[in-house]
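Q: Before I ask anything, here is the structure I am working with.
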Amino acid sequence: MSTTTIDMPRFANESEEADWWASPAGRDFASARSAEAQSMGKLVQGSSLVARLNRKASVQIAIRIPEADLADARRIAERKGLGYQTLLKMLVHEGLQREMERHT
């Protein structure tokens, strides 16, 4: 029996990576890696982006945003297969990086 391996591409930015993980190719990759790991009795890690976000120390804050923006975030996150809070953290992170680059 032959097996086909799916390679994870390199990404230009975190948004591109999130889009890939939410795509059929990303889901197929995750399923294949999970099945492969289970057959070997191992656990497999998923997105390095999500792992990096979860590894960093975080501080709980409360912000007020318009209901329409929150609804949009939830719709986008669902489409990408992410939690809306993860999506919002990614967007804040990308925006901060972009602003830091503009002012250096």
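Q: Kindly indicate the residue of region 68-80 that is surrounded by 14 or more Cβ atoms within 10 Å (Cβ to Cβ) and within 19 Å of GLU16 (Cβ to Cβ) and also modelled with the highest pLDDT among those meeting that condition.
A: By that ranking, first place goes to ALA73.
Q: Further, regarding this structure: Given the options LEU53, LEU87, LEU96, LEU91, name the one that is surrounded by 10 or more Cβ atoms within 10 Å (Cβ to Cβ) and at pLDDT below 85. Before you say what the answer is, go through the steps one by one.
A: Numbers: LEU87 fails: at pLDDT below 85; LEU96 fails: at pLDDT below 85; LEU91 fails: at pLDDT below 85.
Of LEU53, LEU87, LEU96, LEU91, the one residue that is surrounded by 10 or more Cβ atoms within 10 Å (Cβ to Cβ) and at pLDDT below 85 is LEU53.
The values are calculated or read from the model by the stated rules, or taken from the named source; none is laboratory data. All of these numbers come straight from a predicted model, not from anything done at the bench. With ideal geometry, Cβ positions are generated from the backbone for all residues, glycine too; neighbour counts draw on all protein chains shown.
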